[in-house]
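Trainee: Take a look at the following structure, please.
The values are calculated or read from the model by the stated rules, or taken from the named source; none is laboratory data. The structure displayed is predicted, hence computed values, not measured ones. Glycine gets a Cβ as well: all are built from the backbone with ideal geometry, and neighbour counts include every protein chain shown. Heavy atoms of the whole protein, side chains included, go into the accessibility calculation; ligands, DNA and RNA do not. Shrake-Rupley method; radii C 1.70, N 1.55, O 1.52, S 1.80 Å.
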Amino acid sequence: LVGGEESGGFTVRGHVREKDGVLMALLAAAMHAEEPLDERVDRLLSEHGTVVQDKISVACPDEEKTRVLEDLEAEIPDDVAGTAVDGVNTADGFKLQLADGSWLLIRPSGTEPVLRVYAEAEDEQRVAELLEAGEELVEPLV
C-alpha cells in the first residue's frame, strides 16, 4: 500500500516512517512500465467513478483549537446541507459521514493557525454546499 498527502508527500506501508521520494519515484516508474499512469487513472475512474473533493481554512488561533473542537463535539448536527449524518469518525477531528456517501471533515491544521474543512462528494456543487455548511458550523465556535 502507498499513501499520499496534500502537501505532496508519499509513503509506503512497512517502509521508513519518513517519506522516501527516491523510492516513490522508482515505484511510480515501475507502475508506469506495467501500465501507463494515464491509462491506470482512466481505468480506475471508469471502475469506481469520479470523486470531487476540496477544502477551505477557517482562521483559529492555535491556543483555541482544542476548545473549538470540544465545543464542536456538542454541536454535531443530525444533518449537513440537507443530508442525514450517518456516522462520525473522530480519528482526526470530526468526519461526518453522510447518507448520500459524501462526507465533511473538520480538523485542526498542524502547521497553521486554522481549522481545515474538507469535503468529498460526487460533484463540485455538492462539495461547495458541504464546505459552506462546514464553515457555518465552525465559525460561530471560533
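Trainee: Just one of Asp100, Asp71, Asp92 is touching a helix residue (DSSP H, G or I) at 6+ places or on another chain (Cβ under 7 Å), charged (D, E, K, R) and in the same structural domain as Glu132 (by the TED database); which is it? Before the answer, list the steps.
Mentor: On the way: Asp100 fails: touching a helix residue (DSSP H, G or I) at 6+ places or on another chain (Cβ under 7 Å); Asp92 fails: touching a helix residue (DSSP H, G or I) at 6+ places or on another chain (Cβ under 7 Å).
Unique residue meeting the criteria: Asp71.
Trainee: Please pick out the residue among Ala33, Ala91, Ala84 that is more than 15 Å from Leu131 (Cα to Cα), outside any helix (DSSP H, G or I), open to solvent by 80 Å² or more (accessible area, probe 1.4 Å) and of a type in the set (A, V, I, L, M). Working first, answer last.
Mentor: On the way: Ala33 fails: outside any helix (DSSP H, G or I); Ala84 fails: open to solvent by 80 Å² or more (accessible area, probe 1.4 Å).
Testing whether each residue is more than 15 Å from Leu131 (Cα to Cα), outside any helix (DSSP H, G or I), open to solvent by 80 Å² or more (accessible area, probe 1.4 Å) and of a type in the set (A, V, I, L, M) leaves just Ala91.
Trainee: Just one of the numbered conditions (1) under 26 Å from Leu137 (Cβ atoms); (2) modelled with pLDDT under 90; (3) exposed (fewer than 11 other Cβ atoms within 10 Å of the Cβ) is not true of Val51; which one?
Mentor: (3)
Trainee: Something else about it: At pLDDT 90 or above and loosely packed, with under 11 Cβ neighbours inside 10 Å - does that describe any residue in the range 11-26? So that I can check it myself, show each step before the final result.
Mentor: We begin by selecting, within the range 11-26, every residue at pLDDT 90 or above; these are none.
The answer is no, given that none of the residues of the range 11-26 is at pLDDT 90 or above and loosely packed, with under 11 Cβ neighbours inside 10 Å.
Trainee: In the range 104-129, what residues are touching a residue at least 24 places away in the same chain (Cβ under 8 Å), farther than 24 Å from Arg67 by Cβ and not basic (Lys, Arg)?
Mentor: Of everything in the range 104-129, those that are touching a residue at least 24 places away in the same chain (Cβ under 8 Å), farther than 24 Å from Arg67 by Cβ and not basic (Lys, Arg) turn out to be Glu120, Ala121, Glu122, Asp123, Glu124, Val127, Ala128, Glu129.
Trainee: Also, I was wondering about something else. Right, Glu112: open to solvent by 70 Å² or more (accessible area, probe 1.4 Å), within 20 Å of Glu6 (Cβ to Cβ), in contact with a strand residue (DSSP E or B) (Cβ under 8 Å, 6 or more places away or on another chain) and not assigned by the TED database to the domain that holds Met24 or not?
Mentor: On the way: open to solvent by 70 Å² or more (accessible area, probe 1.4 Å): yes; within 20 Å of Glu6 (Cβ to Cβ): yes; in contact with a strand residue (DSSP E or B) (Cβ under 8 Å, 6 or more places away or on another chain): yes; not assigned by the TED database to the domain that holds Met24: yes.
Yes, satisfied.
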